[in-house]
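A short worksheet on the structure shown next.
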Amino acid sequence: MKLKKKICVILAFSLFILTGCKNQKDNYEYYTKNFIGAFDTITTYITYATNQDDFDKQCELIDKDLNYYNQLFDKYNSYDGVNNVKTINDNAGKKAIKVDKPLIDLLELSIERYEKISKKVNIAFGSVINIWHDYREKAESNNGVGTVPSEAELKKANQHTGLDSIKIDKQAQTVYIDDANVSIDVGATAKGYAVELVKQALIKMGVDNFLLSGGGNVASHGERKIKKEGDFYLNDCQEKFCVGIESPQDGNYSNSESDNEAVLVVQGESIVTSGDYQRFYKDVNGVRYHHLIDPDTLYPAVHFRSVSIITADSGLADFLSSAVFLMSYDEGLKLIDSLDGVEAIWLLDDGKIKMSSGLKDNDHLYVIEKDRLK
């Protein structure tokens, strides 16, 4: 599936993989597996299980659910026997489409968060996103160099981005778009939402410790069952899971000696990062155009290199990472401060790092180059 949203941070799997997978404690052993394909990324799962059979059952659930949600939320591809986002868009202005409950739930939750949290993330913004997607695809076939959509082209598409065109009948479990030019795009919400659903399914199965990471979306539960040996950035990382925030490794970040700008300790939290440095193209003058489009300007936002959100719910973190990336720092900080249990880390274009008030360096968080703190 190609949601064509953010695959913005490749988290440093070594941070939580370098444990002794042959060591055992209280009958637990370290296990890990990669799942390739769903949501156009590699999803890594790590856990401590008592036996191979239990681990295999967990992996079967993850593989089945990820592929199911991947197909259901896809706007680019059709699948036999599946009515998905593409099916709804293909029938815009024609007829209502009956879909599975998780898709109804995702659409309703995305609309609710748009209305109550931020209007920067609009699932009816697909007509504009489609234009940028097409221009980026053309550039990718031309060594990453392309042209830029005209303001007139974008403004015309933006006339068809109203959420009121999406009609959801929860009882009949149908979705109808009454404007044939409106296109649903759940790229800013779907992956995190799917990861959260898989996380909750694993917890319901009885799994009490794991990390699930795919394309910049990380969900955690519990802590290490086997203490990590050796020295590390944070003492907490010996007994708890740690995740790295990737460095852009270009521009003002090109001199970083590490692949990561910061390391976070997680124990039940989710981390989702949006950035400008993995899905982009350039024009002939070398100007970068990434995939995170501001609905107010209709062009890629230029505030930061990346924004990382830390909170319990992976779906909410996914929504917020896009929304805050599209805001100024002051606007984003105000939003984060208004939400309970939510923190954020900003990587600025000048190489500096800012954090929300609930985060403190060397306290469950380690900023590798201290001079980057602002």
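Given the condition at pLDDT 95 or above and either of a type in the set (Val, Ile, Thr) or in a loop (DSSP other than H, G, I, E, B) (or both), answer yes or no: does some residue in segment 8-31 qualify? Within segment 8-31, not a single residue is at pLDDT 95 or above and either of a type in the set (Val, Ile, Thr) or in a loop (DSSP other than H, G, I, E, B) (or both). Scanning segment 329-374 for residues being outside any strand (DSSP E or B) and closer than 28 Å to residue 257 by Cα gives a total of 18. With a requirement of 3 or more residues that are over 14 Å from the mean Cα position of the chain (by Cα), the strands (runs of 3 or more DSSP E) lying completely within segment 170-269 that satisfy it span 174-177, 241-246, 260-266.
Here 276, 296 are screened, and the one residue that is surrounded by fewer than 17 Cβ atoms within 10 Å (Cβ to Cβ), among the acidic types (Asp, Glu) and modelled with pLDDT of 90 or more is 296.
Going by the conditions given, is residue 71 in a helix (DSSP H, G or I), of a type in the set (S, T, N, Q), modelled with pLDDT of 95 or more and within 30 Å of residue 223 (Cα to Cα)? For residue 71, the condition - in a helix (DSSP H, G or I), of a type in the set (S, T, N, Q), modelled with pLDDT of 95 or more and within 30 Å of residue 223 (Cα to Cα) - is not met.
With respect to residue 126, determine if the residue is free of Cβ contacts under 8 Å to residues at least 60 places away in the same chain, crowded, with 21+ Cβ neighbours inside 10 Å and not assigned by TED's automatic domain parsing to the domain that holds residue 280. Against the criterion (free of Cβ contacts under 8 Å to residues at least 60 places away in the same chain, crowded, with 21+ Cβ neighbours inside 10 Å and not assigned by TED's automatic domain parsing to the domain that holds residue 280), residue 126 qualifies. The residues on offer are 156, 120, and the sole one that is in a helix (DSSP H, G or I), surrounded by 13 or more Cβ atoms within 10 Å (Cβ to Cβ) and not assigned by TED's automatic domain parsing to the domain that holds residue 326 is 156. Going through (1) free of Cβ contacts under 8 Å to residues at least 24 places away in the same chain; (2) over 30 Å from residue 268 (Cα atoms); (3) of a type outside the set (Asp, Glu) one by one, residue 157 falls short only on (1). Quick check: is even one residue across segment 212-219 in contact with a Gly (Cβ under 6 Å, 6 or more places away or on another chain) and within 19 Å of residue 42 (Cα to Cα)? Scanning segment 212-219 turns up at least one residue that is in contact with a Gly (Cβ under 6 Å, 6 or more places away or on another chain) and within 19 Å of residue 42 (Cα to Cα). The residues listed here are 163, 103; of these, the one that is crowded, with 23+ Cβ neighbours inside 10 Å, touching a residue at least 12 places away in the same chain (Cβ under 8 Å), over 23 Å from residue 287 (Cβ atoms) and not aromatic (Phe, Trp, Tyr) is 103. Filtering segment 281-328 to residues that are on the phi > 0 side of the Ramachandran plot and either touching a residue at least 60 places away in the same chain (Cβ under 8 Å) or in a strand (DSSP E or B) (or both) leaves only 298. Quick one: would you say residue 148 is surrounded by fewer than 19 Cβ atoms within 10 Å (Cβ to Cβ), β-branched (Val, Ile, Thr) and not assigned by TED's automatic domain parsing to the domain that holds residue 337? Spelling it out, residue 148 is indeed surrounded by fewer than 19 Cβ atoms within 10 Å (Cβ to Cβ), β-branched (Val, Ile, Thr) and not assigned by TED's automatic domain parsing to the domain that holds residue 337.
The values are calculated or read from the model by the stated rules, or taken from the named source; none is laboratory data. The shown structure was predicted, so the numbers you read here are calculated from the model rather than taken from an experiment. FYI the Cβ positions are ideal-geometry reconstructions off the backbone, even for glycines, and counts take in every protein chain you see.
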